[in-house]
Amino acid sequence: MPIRALSETVINQIAAGEVIERPASVVKELVENALDAGASRIEVATAGGGLGLIRVIDDGGGIPADELPLAVSRHCTSKLSDDIHDIRSLGFRGEALPSIGSVARLSLRSRTATGDAGAEVTVDGGRTGPVKPVAANPGTTVEVRDLFFATPARLKFMKSERSETAAITDVVKRVALAFPAVRFTLSGSDRTTLELAAVPADGEGLLRRMGQVLGQAFSENALAIDAEREGIGLTGYASIPSFTRGNALHQFAYVNGRPVRDKLIAGAIRGAYMDVLPRDRHAVTALFLSLDPALVDVNVHPAKADVRFRDPGLVRGLIIGAIRQALEGAGMRASTSGAAAMLEAFRTPQAPPAGNGARYPGSRYTGGWSAETSPSRPLEHAAAAPSASGFGEAEQVAFDVGAAVSADARAAADEAPAPLARHPLGAARAQVHENYIVAQTEDSLVIVDQHAAHERLVYEALKQAIHAQPLPSQMLLMPEIVDVPEEDAERLAVHAGFLARLGLGLERFGPGAVAVRETPAMLGEIDAAALVRDLADEIAENDTAEALKERVDRIAATMACHGSVRSGRRLKPEEMNALLRQMEATPGSGTCNHGRPTYIELKLADIDRLFGRR
């Protein structure tokens, strides 16, 4: 077939296929345009999951009437200088509006702050209409109707209206996190209205915006992140290990204010929480990277969802180091959601029992208790009432002075010393079922899982001992030659020094091969070839060789699990208090090696409310 030039409409539709995947993509592009225009208020309205209507209204700088035809033409933009590597705006290609107009009915109405009147231009399936004067407020209004009517085949790939509506909500929330000083409103016939009020653009304001988007529980369980390395800054918040979600959708990442879904950043977050979270749980994070635009390429994906860093190893190390430093500096932090769930489990049922008009304690009292209706007595086969002359013999012995104290309550035999109660985990008061330590602080009650807590203490001590010096290695009788691609052999050679500290001795062995002479002794008999290939794959992807370190840490975690205080062991009061003091001094002791919480704290005020004292 002869080569021919495509029509402008087909070119725009091809571009739309790359940029406009679904209604949420349209909202993302239009909201980013509003932010680039300096808007302080953005209103988004949708109908039919965005397929019927998308309207975005902003109070930004507006577009002059004579520039409206350019705004809906391809590759026309006011945001890009002559240097394509110096990108300081969210949008820069000039493809969004013409791409949307090629597959939908687009109306663009705008007025500048100094203009006497507004102007409007329409694009219907790629056909641009004339510019007309209209009444308009300062700013820009973009209406998109009948999305994909010009390419009906795309409609077959859309999800349900509810799914598309949820995707739009997620896009708006992700953008809103990066711009706390902008007020966002999301409304429409297909949703409940979402309003995100503007807050100060500082650390406290960002935390308030996160509470608006992620819920107040995140604000109560978040750690501040603030680090800088070689000109790259990292700020934001990350959840404590005991506050997690079942998927990674609550992990938000931004590069120079641009929301991205980058696998390097996601992998770094997983690495930072590697030994403090269960495998099926995910941390909640909102991380903001700021760096010179020349050090990151945001032009590698048509929708600008992915980025490429010039030094990915530096970025990954910065994220892992900053989060781990925050976790270590957090001290003792227990998730508030754990205490809330425990309090909910303790709440008295409110439903009344059947018959006789009786009520459970906690419900509205409507009549006197009687011997037949008292909830403290069985309704049938009631036992004989105790003698009114005093306590029964079995009950009285507990109140006798000098009576023997049960083993589980021996820590409570004496009053807790005031200095111990002032510690974060307080003073041990009892051991319950030979597994849980009950401690008392000045204003709360703490319940500690002794096995989980000691497991974390042993694990951290093992890691410190293991990584404080080079790991012992075992010499192979015959070096194992592993064939790998030449580029992988070169990468392994570059990281040979780091691998040697972990007990893996290898060196180049001709073109496309490495010789393994030593393996870490604590790993025992291993498949050296498989280990080397796994390391080469990780170095190729992340420019690090942390996989071997993670494998060593997993061995340490197994040793810690089997070497810690077991459930069912009775502890003396001084042993319980010693365990509490070690937990307070050990980073990450809020969770065990498997990610389970090691303790739950109940505030006295919450307990008082549980019993109706407040």
Discussion item. List the pairs from Lys79/Lys159; Lys79/Lys156; Lys132/Lys159; Lys173/Lys263; Lys28/Lys79; Lys463/Lys572 whose alpha-carbon separation is above 26 Å, in the order I gave them.
Written reply: Lys79/Lys159; Lys79/Lys156; Lys132/Lys159; Lys463/Lys572
Item to complete: Please give the length that would be gained between Glu486 and Gln216 if that part of the chain were fully extended, namely 0.36 nm times their separation in residues minus their C-alpha to C-alpha distance (nm, one decimal).
Response: 92.0 nm
Worksheet, complete the sentence: Expected sort for 485-494, 513-522, 193-202 on mean C-beta neighbours within 10 Å, highest first, is 513-522, 485-494, 193-202
Worksheet item: Taking K and R as +1 and D and E as -1, what net charge do the other residues with C-beta under 13 Å from the C-beta of Arg41 add up to?
Response: -3
Item to complete: Return the long-range amide H neighbours of Val484 (sequence gap of 5 or more, or a different chain), with a cut-off of under 5 Å between placed amide H atoms.
Response: Ala513, Val514
Response to the item:
In nanometres, the difference between 0.36 nm per residue of separation and the alpha-carbon distance of Arg308 and Ile14 is 103.4 nm
Discussion item. How far apart, in nanometres, would the label points at Asp292 and Arg508 be if each is projected 7 angstrom from Cα along the Cα-to-Cβ direction?
Written reply: 3.1 nm
Discussion item. Multiplying the sequence separation of Lys132 and Leu6 by 0.36 nm and subtracting their Cα-Cα distance, what value in nm do you get?
Written reply: 42.4 nm
Discussion item. Under the √(5λ) rule applied to the eigenvalues of the Cα gyration tensor, what semi-axes describe the equivalent ellipsoid of region 411-614? Give them in Å, descending.
Written reply: 49, 17, 12
Worksheet item: Once amide H atoms are built 1.01 Å from N in the peptide plane, which residues 5 or more positions from Ile63, or in another chain, come under 5 Å H to H?
Response: Arg111, Thr112
Worksheet entry | Nearest-0.05 FRET efficiency for Phe498 and Cys76, computed from C-beta distance (R0 60 Å) | 0.75
Worksheet item: Size of the dipole of region 29-130 about the Cα centre, Lys and Arg at +1 and Asp and Glu at -1 on the beta carbon, nothing else charged, in debye to 20?
Response: 340 debye
Discussion item. Normalised radius of gyration for region 199-329, please: alpha carbon Rg relative to 2.2 N^0.38 Å, two decimal places.
Written reply: 1.01
Worksheet entry | Model label zone, Arg270; criterion: amide N under 18 Å from point 7 Å along Cα-to-beta-carbon; scope region 532-547 | 533-547
Fill in: Hull volume in cubic angstrom per residue (convex hull over the Cα atoms of region 8-195)
116 Å³
Item to complete: Just grab the label-to-label distance for Ala461 and Lys603, each label 7 Å out from Cα along the Cβ direction, in nm (one decimal).
Response: 3.5 nm
Item to complete: Could you pull out every one of the lysines with an alpha carbon less than 19 Å from that of Lys603, ignoring same-chain neighbours closer than 8 positions?
Response: none
Worksheet entry | Label point distance in nm, Glu442-Ser163, each placed 7 Å from Cα along Cα→Cβ | 5.5 nm
Practice prompt. For each of Lys572, Lys28, Lys79, Lys156, count neighbouring Cβ atoms within 10 Å of the residue's Cβ, then give the residues from fewest to most.
Written response: Lys156, Lys572, Lys79, Lys28
Worksheet, complete the sentence: Note, region 570-587: 3J(HN,Hα) by Karplus (6.51, -1.76, 1.60, θ = phi - 60°), whole Hz, Gly/Pro = x, goes 7, 10, 6, x, 5, 5, 5, 5, 5, 5, 5, 5, 5, 4, 5, 9, 10, x
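FYI, it's all coordinate maths here, none of it is from the lab. Small disclaimer: the values here were computed from a predicted structure and weren't measured. With ideal geometry, Cβ positions are generated from the backbone for all residues, glycine too; neighbour counts draw on all protein chains shown.
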